[in-house]
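None of the figures in this text is laboratory data; all of them are computed from the coordinates on show. Everything numeric in this text was worked out from a predicted model, so none of it was measured. Heads up, the Cβs are rebuilt from the backbone with ideal geometry, glycines too, and the neighbour counts pull from every protein chain shown.
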């Protein structure tokens with residue numbers, strides 16, 4: 001009955017238009033980067049880089065260049081697409097640092113939006129590793145501690161594994177900075193990959209200090225920096241003291257501080273027996289997916305390596321949970337100020353989710369490029385793909401309606417919890433992948449594959465005869 005009205009053809013046309021609209025949304029997100037690329041690269045290379053970001057979103061398995069190249073020129077010409085990507089990655093006209101500069105500039109606009117909303121911008125810091133256990137010949141390949149082995153060997157209910165020494169594998173170090181507010185969508189501000197091996201020799205604190213120099217020089221005290229326990233050391237406190245930034249560091253309970261009397265004591269000894277401030281509040285526990293009765297208390301402390309006053313905020317999450325010991329240089333004299341510090345640190349979980357998404361969904365550990373600079377460029381393109389997905393979660397009504405339509409038609413899920421997710425990042429990537437694979441969009445300056453129609457080698461040469469032989473239909 002419906003065939004006479006061409007309903008299926010109209011639906012296909014509508015889906016193709018929707019696919020092209022999302023491609024235009026990607027081009028709008030990449031416009032600041034494309035403007036920088038246009039100054040150094042040919043427009044066709046810029047178009048291929050844009051299509052490469054879309055190809056990263058479409059591919060789910062190992063990110064070989066041939067697989068991503070098939071999204072540029074079609075599955076029948078994946079080798080041609082792979083050659084385009086190889087030329088773009090090995091092009092000497094641009095560096096990965098260009099993307100890093102634009103990322104910081106775009107983060108400034110996001111910081112202003114957070115301030116206009118009445119929140120305090122938070123710079124969340126954390127580090128991870130890219131594990132390449134089977135690789136040997138990659139340039140700059142170093143030794144890292146395997147977080148995957150540590151996670152799999154963890155004792156669980158009904159399973160006991162004897163604790164052992166850390167397992168080291170080949171890989172790269174990874175440092176990232178996320179810009180968030182007390183609510184809302186996070187924004188990728190900066191990311192670095194480095195190695196302790198030649199020719200990219202460096203130490204962890206040197207890389208972190210260089211990144212802090214850029215962030216502190218741009219924003220100063222207009223943001224609050226959030227650090228995990230790995231940053232709770234005396235040298236890092238001295239670095240923070242030099243740049244005079246606002247910070248919150250999770251302090252290890254066994255590390256020592258100077259109490260009010262000037263005595264050096266462990267953090268948990270200083271606050272032992274002190275009564276919590278005010279009434280308890282409910283704080284969401286992401287690990288166990290539930291609310292916990294939480295109380296806070298704060299005491300003034302000092303540290304020999306930090307020239308200034310410090311406060312130790314203790315967040316007590318109830319029986320059976322280790323308290324948070326948060327060291328900050330912001331005055332904490334009231335119950336509300338203590339809770340502001342606690343809620344700021346609770347947002348640190350966003351960067352853990354960012355690492356997990358790039359490792360599991362974007363398969364960042366499967367990048368296959370041997371040279372350091374081309375691989376670094378590809379990792380930055382992958383970061384742009386992640387940033388584009390985060391930009392689609394903005395609370396804008398037209399974007400909200402378009403996202404709901406995309407998830408309803410191309411990202412169906414039977415689980416009701418998927419529909420209640422505040423940030424459906426995984427479903428969004430999956431829906432975009434299905435839409436673009438079914439209806440491939442076109443990107444500006446990205447030319448489709450054109451088969452060779454004439455022989456370009458000098459007439460009579462060996463390559464001329466070989467090409468003519470292949471064009472005649474013979475394989476060998």
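Here are the numbers for the structure shown:
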{"item": "Per-residue Cβ neighbour rank within 10 angstrom, fewest leading, 233, 438, 50, 191", "result": "438, 233, 191, 50"}
{"item": "Label-point separation in nm, residue 401 to residue 349, each point 7 Å along Cα→Cβ", "result": "3.3 nm"}
{"item": "Sites residue 244 and residue 214 - FRET efficiency at Förster radius 22 Å, r taken between beta-carbons, to 0.05", "result": "0.90"}
{"item": "Estimated FRET transfer efficiency (residue 334, residue 233; beta-carbon r; R0 22 Å; 0.05)", "result": "0.15"}
{"item": "In degrees, nearest ten, helix 234-243 long axis to first principal axis of the chain (Cα)", "result": "80 degrees"}
{"item": "Gain in span if fully extended, residue 302 to residue 265, counting 0.36 nm per residue against the direct Cα distance", "result": "12.2 nm"}
{"item": "Per-pair calculated FRET efficiency, R0 = 56 Å: residue 412 and residue 371 via Cβ, rounded to 0.05", "result": "0.85"}
{"item": "Segment 234-334: relative contact order in percent, alpha carbon pairs under 8 Å with at least 6 residues between", "result": "27 percent"}
{"item": "Relative contact order (%) - the chain, alpha-carbon pairs under 8 angstrom, separation at least six", "result": "18 percent"}
{"item": "Listed values (1) 4, 16, 22, 18, 15, 14, 8, 3, 1, 0; (2) 4, 18, 25, 21, 14, 10, 6, 2, 0; (3) 4, 16, 25, 25, 16, 8, 4, 2, 1, 0, entry calculated as P(r) over Cα pairs in 10 Å bins from 0, in percent", "result": "(3)"}
{"item": "Gap separating the Cα centres of segment 20-84 and segment 96-117, nearest whole Å", "result": "23 Å"}
{"item": "Whole-angstrom gap from segment 340-382 to segment 125-200, using each part's C-alpha centre", "result": "10 Å"}
{"item": "Ranked by how many other beta carbons lie within 10 Å on average, peptides 153-163, 392-402 from highest", "result": "392-402, 153-163"}
{"item": "Point-to-point label distance, residue 444-residue 205, nm (Cα→Cβ direction, 7 Å offset)", "result": "4.8 nm"}
{"item": "Packing-based exposure ordering (other Cβ within 10 Å, fewest first) of 306, 325", "result": "306, 325"}
{"item": "Helix 78-89 axis, angle to the chain major axis (alpha carbon atoms, nearest 10°)", "result": "50 degrees"}
{"item": "Between helix 397-410 and the chain: long-axis angle, C-alpha atoms, 0 to 90°, nearest 10", "result": "60 degrees"}
{"item": "Per-residue Cβ neighbour rank within 10 angstrom, fewest leading, 76, 261, 42", "result": "261, 76, 42"}
